[in-house]
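The values are calculated or read from the model by the stated rules, or taken from the named source; none is laboratory data. As the structure is a computational prediction, the values presented were derived from the model and not from experiment. Neighbour counts run over all protein chains shown; Cβ positions are idealised from the backbone, glycine included.
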2 protein chains.
Amino acid sequence: MIVRNIRARCLRWPTVQQRQISSASLKVERSKDNSRFDTMPKKEDLQFGITLSDHMFTAEWNLGTGWEIPRIVPYQDLKISPAASSLHYGLQCFEGMKAYKSLQDPECLRLFRPEKNMARLRSSMERLSMPDDSVNFDPNELTACIKELVRVDSRWIPYGEGYSLYIRPTVIATHKFLGVAPPTSLLLYIITCPVGPYYKKGFDPIRLTADTPFIRAWPGGTGGAKVGGNYGPTMIASNEAAKRGYDQVLWLFGEEKYITEVGAMNIFFFLKNKNGRNELVTAPLERGDILPGVTRGSIIELASTWGEFDVSERNITMFEVQEAAKEGRLIEAFGAGTAAVVSPISCIQFNGVDIEIQATGKITKRIWDELIAIQYGKVDHEWSVKI
Amino acid sequence: MIVRNIRARCLRWPTVQQRQISSASLKVERSKDNSRFDTMPKKEDLQFGITLSDHMFTAEWNLGTGWEIPRIVPYQDLKISPAASSLHYGLQCFEGMKAYKSLQDPECLRLFRPEKNMARLRSSMERLSMPDDSVNFDPNELTACIKELVRVDSRWIPYGEGYSLYIRPTVIATHKFLGVAPPTSLLLYIITCPVGPYYKKGFDPIRLTADTPFIRAWPGGTGGAKVGGNYGPTMIASNEAAKRGYDQVLWLFGEEKYITEVGAMNIFFFLKNKNGRNELVTAPLERGDILPGVTRGSIIELASTWGEFDVSERNITMFEVQEAAKEGRLIEAFGAGTAAVVSPISCIQFNGVDIEIQATGKITKRIWDELIAIQYGKVDHEWSVKI
């Protein structure tokens with residue numbers, strides 16, 4: 001493996017103004033093929049991540065010239081060099097977001113806090129040493145392109161509470177080079193897929209195991225960025241958990257058994273703490289081993305406005321959760337992420353013992369209700385951005 | 001993110017015998033285009049990883065049917081679904097190996113310990129939860145296919161000591177699914193590129209810095225497997241090191257400052273230890289945060305046969321190296337990997353202080369000489385496999 005020529009490459013990065021992503025120059029080529037839409041499953045039968053809608057967004061970036069003209073084109077395979085560094089060195093990052101049809105007016109399409117996804121995408125690109133010139137795209141312009149993509153495929157958004165169009169912005173290095181080096185070419189593409197509610201009827205609480213020798217992320221690693229290498233390697237632990245009858249893995253860190261994430265979601269505990277105060281707790285971002293989830297951030301902000309209990313981003317260990325459960329102070333626990341919104345937790349296995357948790361609790365349900373109301377435009381809220 | 005349906009998927013994995021990779025069924029489609037070969041740089045001008053030879057190997061794997069017919073085809077772009085999980089979740093792993101022309105007889109082509117690369121590729125696939133049925137390909141059959149690929153592109157192997165054809169077997173998930181799940185389809189492909197000596201004239205020792213807040217790998221992570229996610233994230237530290245005038249990063253682990261790897265190579269120290277014995281030391285594999293390098297393993301075996309000093313795979317901390325240097329007991333240090341073979345180290349920055357090391361030392365040079373003699377067939381050795 002060669003990593004020596006990075007210095008030379010760094011110096012070659014241009015500092016002049018490069019072409020930017022501009023929604024005004026967006027070219028749209030509409031699909032003439034209705035066959036994919038005609039065979040779209042009934043909305044009740046949709047499975048997450050399988051059915052892809054008719055169009056995709058693409059924008060190429062090249063060192064020296066910047067971003068090429070952004071395009072919306074019919075969904076199609078990518079042509080990628082077998083030497084592209086996205087296929088060898090994990091030079092890939094992505095986002096997960098959703099577009100919704102307002103419940104009161106299906107013509108009114110909405111996004112949820114898209115600026116948060118744009119900021120995180122840039123931060124993930126930076127973590128992967130994608131050149132500054134590519135990272136510094138204008139987030140508002142890319143959001144405007146996403147809005148157009150959603151408009152073009154609006155018939156693919158199923159109507160109804162819990163239904164949405166899942167949006168997957170992705171950045172991959174297309175640089176043909178078998179050395180490990182900052183990429184000189186990238187492809188930013190966005191695919192979308194119609195999705196149904198995570199829970200078909202009511203909540204279906206998940207059972208977790210914290211008993212795994214595998215570790216999702218580490219300080220100084222990439223746990224705080226949404227990069228490909230964080231995901232594939234977790235399956236070995238998930239599969240083993242599944243064999244033992246658990247739905248997902250609760251990822252701990254260190255001898256202190258700090259709680260970090262669950263599966264691919266952030267995690268919250270609602271408990272009465274040692275001081276007798278009710279507290280909603282989630283793991284802090286400072287260690288860099290936790291994804292700064294948009295749903296996570298929204299729950300913290302939302303619950304803080306209620307002013308009914310403490311809301312904390314702080315270290316919480318499995319020992320604290322165990323003790324709280326033993327003393328009857330653990331009230332609720334739930335995962336939080338774009339796909340499921342909130343995911344009630346009914347059990348955590350730790351050191352071979354199942355800690356049972358009442359699910360679905362009132363706070364979990366209330367957070368779900370308030371987020372859904374915002375996302376589907378049942379209430380007016382600045383987080384919901386009309387398209 | 002959805003990781004719930006893994007259990008159902010696991011149960012669906014077939015246990016019946018699937019089609020295997022078979023070199024007897026290998027189909028070869030030769031390129032009719034000589035233009036790429038005609039514009040191949042002079043061997044002295046070759047840069048690592050840029051010039052790709054005329055042909056590539058491909059074999060698809062699908063759940064339920066197994067491996068499709070293996071093919072050697074003209075080098076070409078891949079067609080990949082934008083939803084392929086190799087582009088989102090780091091479901092990609094690779095190998096690095098080389099084919100050599102014997103110095104005495106350029107018609108006699110050689111590989112170096114290919115069975116080691118095949119075993120490691122399988123182990124990387126397993127770490128990424130690629131299904132058992134795909135992982136269990138016959139390593140001898142894939143090696144036979146690699147030999148044929150090398151034969152077909154033998155004119156691309158530059159002749160001379162230090163010259164070779166770098167071979168990059170790669171496995172990517174082609175499964176079109178935005179959930180995190182064991183892939184139901186894979187592509188195994190192999191590209192090759194002619195490469196020159198890492199050092200154009202004599203050794204050019206490298207200067208390292210151990211002062212980085214970033215971590216390459218950790219126990220319970222993927223540091224022991226050759227997966228994409230190990231590489232891209234290291235550049236942020238390499239780039240910062242380069243800006244400060246160092247060639248590569250020495251990756252440490254934990255408060256003990258265990259020495260793990262350098263850049264993307266294993267690392268060796270030759271020192272007089274506290275007991276007054278000469279010792280060649282490299283980091284152990286047990287923690288799972290170090291790549292089991294083929295060159296690393298070969299050096300351990302080779303130096304052990306000399307019987308002239310202790311050869312140890314053991315924990316060695318930066319503090320021990322610092323102390324040995326201070327007491328005049330640190331004799332040599334070098335990196336080891338397929339690309340450079342050995343890479344002498346002349347300096348390690350630690351806690352802001354440069355530890356200078358005599359380079360290139362006698363042991364480093366002797367290991368280079370003996371490995372090169374084996375790889376290029378100057379001596380007969382079982383590690384060198386004739387094609």
For B:T192: the one exception among (1) more than 7 Å from chain A (Cβ to nearest Cβ); (2) free of Cβ contacts under 8 Å to residues at least 40 places away in the same chain: (2)
Looking at the structure I just gave you, is A:I363 under 17 Å from A:D204 (Cα atoms), of a type in the set (A, V, I, L, M, F, W, C) and at pLDDT 95 or above? yes
Among the residues of the range A:141-159, which ones are among the aliphatic types (A, V, I, L, M) and outside any helix (DSSP H, G or I)? A:I157
Reported set for the range A:331-387 where residues are on the phi > 0 side of the Ramachandran plot and surrounded by fewer than 18 Cβ atoms within 10 Å (Cβ to Cβ) is A:N351, A:G352
When every residue in the range B:27-74 that is in a loop (DSSP other than H, G, I, E, B), surrounded by fewer than 19 Cβ atoms within 10 Å (Cβ to Cβ) and in contact with a Leu (Cβ under 9 Å, 6 or more places away or on another chain) is compared, the one nearest to the other protein chains (Cβ to nearest Cβ) is B:I50
Any idea which of (1) within 9 Å of chain B (Cβ to nearest Cβ); (2) in contact (Cβ under 8 Å) with a residue 60 or more places away in the chain is the one A:D247 doesn't satisfy? (2)
Looking at (1) more than 23 Å from B:T260 (Cβ to Cβ); (2) in the same structural domain as B:W251 (by TED's automatic domain parsing), which is the one condition that is false for B:S384? (2)
Looking only at the range A:216-225, filter to residues that are buried (at least 22 other Cβ atoms within 10 Å of the Cβ) and in contact with a Phe, Trp or Tyr (Cβ under 6 Å, 6 or more places away or on another chain); which one of those is nearest to the other protein chains (Cβ to nearest Cβ)? A:W218
Matching residues in the range A:1-35 - criterion: being among the charged types (D, E, K, R) and modelled with pLDDT under 90: A:R4, A:R7, A:R9, A:R12
Surrounded by fewer than 21 Cβ atoms within 10 Å (Cβ to Cβ), modelled with pLDDT under 95 and more than 23 Å from A:V385 (Cα to Cα) - does that describe any residue in the range A:187-200? yes
Tell me the residue from A:L285, A:L291 that is in contact (Cβ under 8 Å) with a residue 40 or more places away in the chain, assigned by TED's automatic domain parsing to the domain that holds A:E356, buried (at least 24 other Cβ atoms within 10 Å of the Cβ) and not β-branched (V, I, T), please. A:L291
Would you pick out the residues in the range A:203-239 that are touching a residue at least 60 places away in the same chain (Cβ under 8 Å), more than 21 Å from A:Y89 (Cβ to Cβ) and of a type outside the set (D, E)? A:F203, A:P205, A:I206, A:R207, A:L208, A:T209, A:A210, A:P219
Consider B:D105 against the criteria (1) under 20 Å from the mean Cα position of the chain (by Cα); (2) surrounded by fewer than 20 Cβ atoms within 10 Å (Cβ to Cβ); (3) modelled with pLDDT of 95 or more; (4) part of a loop (DSSP other than H, G, I, E, B): it satisfies all of them except one. Which criterion is unmet? (1)
Residue check for A:R122: within 30 Å of A:P233 (Cβ to Cβ), surrounded by fewer than 21 Cβ atoms within 10 Å (Cβ to Cβ) and away from chain B (no Cβ under 11 Å): yes
On the basis of being more than 22 Å from the chain's Cα centre (by Cα), in contact (Cβ under 8 Å) with a residue 12 or more places away in the chain, buried (at least 20 other Cβ atoms within 10 Å of the Cβ) and closer than 27 Å to A:Q76 by Cβ, does B:A83 make the cut? yes
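Condition check ((1) in contact (Cβ under 8 Å) with a residue 24 or more places away in the chain; (2) in the same structural domain as B:P292 (by TED's automatic domain parsing); (3) assigned to a strand (DSSP E or B); (4) not hydroxyl-bearing (S, T, Y)) across all residues:
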site	(1), (2), (3), (4)
B:V321	yes, yes, no, yes
B:G328	no, yes, no, yes
B:A333	yes, yes, yes, yes
B:A339	yes, yes, no, yes
B:S343	yes, yes, yes, no
B:I355	yes, yes, yes, yes
B:I363	yes, yes, no, yes
B:D369	no, yes, no, yes
B:A373	no, yes, no, yes
Does any residue of the range B:259-268 turn out to be assigned by TED's automatic domain parsing to the domain that holds B:K326 and over 22 Å from the mean Cα position of the chain (by Cα)? no
